[in-house]
Amino acid sequence: MNLQKIKLIFSIAVQGLRTNKGRTILTTIGIMIGIATIVIVLTAGRGLEKFILKEIETFGADTIEVEVKIPSVSDTEMAASIIGGAEVTTLTIDDFEAMKDLPNVANYYAALLGQYKSVYKERTDRSMVYAISPSVVNIDKELKLEEGRFFTERENSGQARVAVLGSEVKKSLFDGENPVGQTIKMNQISFKVIGVVEPRGGSAFFNYDEMIYVPLNTGQKQLLGVDHVMFGFLSMDDTTRADETVADLNSLLRRRHGLPPNDPDKDDFRVTSMQEALEIVGTVTFGMTLLVLAIAGISLVVGGVGIMNIMYLSVVERTREIGLRKAIGAANGTIQLQFLVEAILITALGGIMGIVLGSAIIIIIDIVSQLQGFDFDMTITIDAILIGFASAITFGILFGLYPARKASELSPVDALRYE
């Protein structure tokens, strides 16, 4: 087939689409939505996965998290219960001291969260209080001081009323003043500010910049009035022994809490290595991506069925034209290619529009997330664009082939007689 013939087929196909602009536009919109969904899902899914993985990795690949858990309930039910005020009070500092004595455990920090109104002169701020072990500075490598110092083990054991501010708390309460050495109040108790943490931003869990760090013992006894902790992190000497260490921690905590040795459903705690967390995130995001892509596939199938119906209707409406062309020598393959090109043009146009729409939505999502302090880094990749466009073309061929073949198989005599 020479170039002139290809140009003629393309020209006839374009003219056919122009003749039925309304139907062409409606079908293109269906394809556009499906392709936009594919681009959004692939880009947003990867961005979200990178964001979560980055947040997990900030805790360090050599760390293991130990947190409270409500026995025999799902994560969703547990989250709802905690929001509703339920507390698990069985995890203690003594548990972490015992865990520290296990082989391969180098150090730990334990923590507790609460919320109080903080006051400095006439300024107030609703702050998250982060009662935490001083050893956090040796484990959390992302925790860096901008001013002053962090509290010591001696201040922790002595329940010293000292505090280290997140950068946003500093702005809210001090508005340009140097906070180090000043006194703030929380729950009518005075705390001396001894340091300020460098800006760190939001995470998948909370915003570190909106926190006030206080010694764990001080937070327990003087602010929250509790003896338990909510979670903590353990650092390991050898990361290759993570699975073995997790097993040792589970066994130890079950013995200390009087739980069955081989019944995880009864556990009132959860032990998770960072490597395990990374694997879980990868599995979850992959499953979510597949699910949404399946939904996008349904949208494309609906659009493809629309293409097939429109192309079949176009064949019926242009039966006499087909008969005339075949009578003057047009081959079956030429007729089939003409209608197939029409179907591909519709899906290609829908694909391009879908890529543009999906990219625009991704840019908006990225800007909004940045304004909210979340760096999802949603970069539109070439493979997302290629997959979207290839999907459009594929559906055009699949759903355009049947009506194109029907057009090519028409008898010239019967087609010319068609009314």
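Only residues that are assigned to a loop (DSSP other than H, G, I, E, B) and either open to solvent by less than 50 Å² (accessible area, probe 1.4 Å) or at pLDDT 80 or above (or both) were counted in the stretch 381-409, giving 1. Restricted to strands (runs of 3 or more DSSP E) entirely inside the stretch 202-289, those with at least 3 residues that are over 15 Å from Val66 (Cβ atoms) and open to solvent by less than 10 Å² (accessible area, probe 1.4 Å) are 211-215.
For the stretch 94-123, the set of residues classified as free of Cβ contacts under 8 Å to residues at least 40 places away in the same chain and either open to solvent by less than 60 Å² (accessible area, probe 1.4 Å) or farther than 30 Å from Arg255 by Cα (or both) consists of Gln115, Lys121, Glu122, listed by residue number. Might you check whether a residue that is at pLDDT 70 or above, open to solvent by 50 Å² or more (accessible area, probe 1.4 Å) and either touching a Pro at 6+ places or on another chain (Cβ under 6 Å) or within 30 Å of Thr319 (Cα to Cα) (or both) occurs anywhere in the stretch 29-39? Yes; the residues of the stretch 29-39 include at least one that is at pLDDT 70 or above, open to solvent by 50 Å² or more (accessible area, probe 1.4 Å) and either touching a Pro at 6+ places or on another chain (Cβ under 6 Å) or within 30 Å of Thr319 (Cα to Cα) (or both). Annotation note: Cβ proximity below 9 Å between a residue of the stretch 205-229 that is without any contact (Cβ under 8 Å) to a residue 12 or more places away in the chain and under 20 Å from Glu146 (Cα atoms) and a residue that is open to solvent by less than 50 Å² (accessible area, probe 1.4 Å) and not small (Gly, Ala, Ser) (sequence gap 6+ or interchain) occurs for no pair. When Phe150 is tested against (1) open to solvent by less than 80 Å² (accessible area, probe 1.4 Å); (2) over 28 Å from Asp62 (Cα atoms), just one condition goes unmet, and that condition is (2).
Which one of these is open to solvent by 40 Å² or more (accessible area, probe 1.4 Å) and part of a helix (DSSP H, G or I): Val169, Val137, Val180? Give the steps one after another, and end with the answer.
On the way: Val169 fails: open to solvent by 40 Å² or more (accessible area, probe 1.4 Å); Val180 fails: part of a helix (DSSP H, G or I).
Criteria check complete, one pass: Val137.
Residue count for the stretch 155-208, restricted to those that are among the charged types (D, E, K, R) and over 37 Å from the mean Cα position of the chain (by Cα): 5.
The values are calculated or read from the model by the stated rules, or taken from the named source; none is laboratory data. Being a predicted model, the structure only gives us computed values, none of them experimental. All Cβ positions, glycine included, derive from the backbone under ideal geometry; neighbour counts span all protein chains shown. The area values use the complete protein model at the heavy-atom level, side chains included, leaving out ligands, DNA and RNA. Shrake-Rupley method; radii C 1.70, N 1.55, O 1.52, S 1.80 Å.
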